[in-house]
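Below you'll find the structure, written out as structure tokens, and then a few comments.
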Amino acid sequence: MNKLEVNNLNLFYGENHALKDISIKIPNRQVTALIGPSGCGKSTLLRTLNRMNDLVPNVTINGEVKFEDWDIYANNDVKQLRMRVGMVFQKANPFPMSIYENVAFGLKAQGMRDKKQLDKIVKESLRSAALWDEVQDRLDTSALGLSGGQQQRLCIARTIAMEPEVILMDEPTSALDPIATHKIEELMDELRKKFTIVIVTHSMNQAKRISDKTAFFWMGELVEHGDTQQVFNQPQDKRTQGYVSGEFG
Amino acid sequence: MNTCTKNSDSGIFLRPTPKPDRLGTFFHLLFICCAMVGVVSLATIAWFLFSEGLPAFRQAGVIELVFGSEWLPPALFGIFPMIVASLISTFGAVLIGVPIAILTAVFLAELAPKWLADIVRPAVELLAGIPSVVYGFFGLVVIVPAIEVLFNIPAGNTLLAGVIVLAIMILPTVITISETSIRALPPVYKEGALALGASHIYSIFKVLIPAARSGILTGVALGIARAIGETMAIIMVMGNAPAMPGSILEPARTLTANIAMEMSYATGIHASALYSTGIVLLIFIVLLNAGLLYINKKSVH
């Protein structure tokens, strides 16, 4: 079953044709990795899935993005969409407030005021993000005091707190050291049981380690998409072969 | 200072010079001199204020001068009414001006369509360049008569008129600095908040403004400095009676107005009392700056 379905998507930044006729199906409760060289459009595609591209001026999008049966560009309920399709960014971006307030932020934005319920969700979310043990006795301290890896797990906790169905991750470990990266990857292995994950990554090893499906992008085109094993071991396209074998890119 | 030079024996091979680096030293000294101009000026101002103002403190007494409520030179030098007038006019200006300024800054940085921002922003910047005597005119022609009509009082030259003029005068400073600091925020704050399904307005009030707090406070500090130091416009609209104002609908005289109005004819102990008015003003400005610095430091942690 597919959670997200992109059909004939074209995206322009002004005159620049950034995504060319993309069609891709994202299966439910699996990890789909988007790979390709810088500027190939993989992050742009990720950002169309929760309509973060709406923030960019002069962007034109045509085609269809379906979240289950819902054509997400057909109406303007972006808040609803972004609650159900969460996002974790390249650079950990905790808000300048306490750890607790960071996790509770999205819920409070929806008007949740019940302290008991908030406490419970904050605790569960931090547990799910494998951060609870490290921060449980300092929930009231500033989130900016955490290490880079902890900050990124906090951002994941913040996203989980909204109980989304999909989590989009835009190179979530590119600013982290190998140990912190390993922790996040372990965490993703847990998260895939509950969430559909789409991850943009520059690390082919990471894509190999964590993903079920891999999509390779090249100059705004989706070149190849399939099971990760197959894309890496028997690529069908010459460009994919060149990229995954490290010849270029 | 690790400069390199061309070595004639080995072509363009670069290596550190053994010679003392004269140019570097020169610039180093130049930078220090420039940095000292401000500090030395401040020290000089403090020194002459204190040396000129201390006789009045000695003769009239610190308590009598600071907390005395009668200003009848050359007999009585109580400046407490002026301290109160300065504080109320500044505080009132901040109370009215800062919220307007922050909302304007948010509007310019986040909400305004480009064409509208391109009209509002230059207008605000122009406001900063208008001389205070012109603000005084504006106050006399618009605000003072408006207060007379609204509150049905014979003379509109009141503390309230001063508050309103000052509130307008601090707008450009606070707006410009707040807008700059909101724009300087990394886009990830806004994106992070929106990606959690928060509305734009909620993100602005809960994330962007708190994150830009330190810059906004700097703007407020400069606005306060401008308000408490403003003289000309205040003299023109506030009535300048050196008595304790009973309400904001009565005339009042600020510390700065006191100095400016009487300096031209004051002599002896009277002149010294005006300098001591300046000392009190200086102390207030130092306290305000220290206070804001403290809040700023605290908000970072």
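The values are calculated or read from the model by the stated rules, or taken from the named source; none is laboratory data. Just so you know, these numbers come straight off a predicted model, no measurement behind them. Note: ideal-geometry Cβ built from the backbone for every residue, glycine included; neighbour counts use all protein chains shown.
Looking across the stretch A:71-87, the residues that are out of contact with any Ser or Thr (no Cβ under 6 Å at 6 or more places or on another chain) and within 17 Å of A:M162 (Cβ to Cβ) come down to A:I72, A:D77, A:V78, A:K79, A:Q80, A:L81, A:R82, A:M83, A:R84, A:V85, A:M87.
Among the residues of the stretch A:151-195, just one is among the polar types (S, T, N, Q), over 14 Å from the mean Cα position of the chain (by Cα) and under 24 Å from A:Q117 (Cα atoms), namely A:Q151. Per the conditions (1) away from every other protein chain (no Cβ under 14 Å); (2) more than 24 Å from A:M219 (Cβ to Cβ); (3) surrounded by fewer than 20 Cβ atoms within 10 Å (Cβ to Cβ), the sole criterion not satisfied by A:K20 is (2). Yes or no: A:N7 polar (S, T, N, Q) and either within 12 Å of chain B (Cβ to nearest Cβ) or under 18 Å from B:K190 (Cβ atoms) (or both)? No: the conditions fail for A:N7. If the condition is being touching a residue at least 12 places away in the same chain (Cβ under 8 Å) and either within 28 Å of B:A105 (Cα to Cα) or among the acidic types (D, E) (or both), then the stretch B:148-168 contributes B:L159, B:L160, B:A161, B:G162, B:V163, B:I164, B:V165, B:L166, B:A167, B:I168.
Checking B:I228, B:I224, B:I216, B:I234 one by one, the residue that is assigned to a helix (DSSP H, G or I), out of contact with any Leu (no Cβ under 8 Å at 6 or more places or on another chain), away from chain A (no Cβ under 11 Å) and buried (at least 20 other Cβ atoms within 10 Å of the Cβ) is B:I216 and no other. Scanning the stretch B:42-80 for residues that are free of Cβ contacts under 8 Å to residues at least 40 places away in the same chain, in contact with a Pro (Cβ under 9 Å, 6 or more places away or on another chain) and hydrophobic (A, V, I, L, M, F, W, C) gives a single hit, B:L72.
For the stretch A:143-239, list the helices (runs of 4 or more DSSP H) that sit wholly inside it and hold at least 1 residues that are within 14 Å of chain B (Cβ to nearest Cβ); which are they? It would help to see each step written out before you state the result.
Details: elements: A:148-160, A:178-191, A:204-210, A:228-233.
It comes to A:148-160.
Here the condition is being in the same structural domain as B:I102 (by TED's automatic domain parsing) and under 17 Å from B:S89 (Cβ atoms); of B:S247, B:S276, B:S203, it holds for B:S247 alone. Taking the stretch B:92-208 as the region of interest, the helices (runs of 4 or more DSSP H) fully inside it that hold 1 or more residues being surrounded by 19 or more Cβ atoms within 10 Å (Cβ to Cβ) and within 14 Å of chain A (Cβ to nearest Cβ) are B:159-183, B:187-195, B:200-203. Screening the candidates A:N75, A:N53, A:N62 for the property of being in a strand (DSSP E or B) and either surrounded by fewer than 22 Cβ atoms within 10 Å (Cβ to Cβ) or within 14 Å of chain B (Cβ to nearest Cβ) (or both) yields one hit, A:N62.
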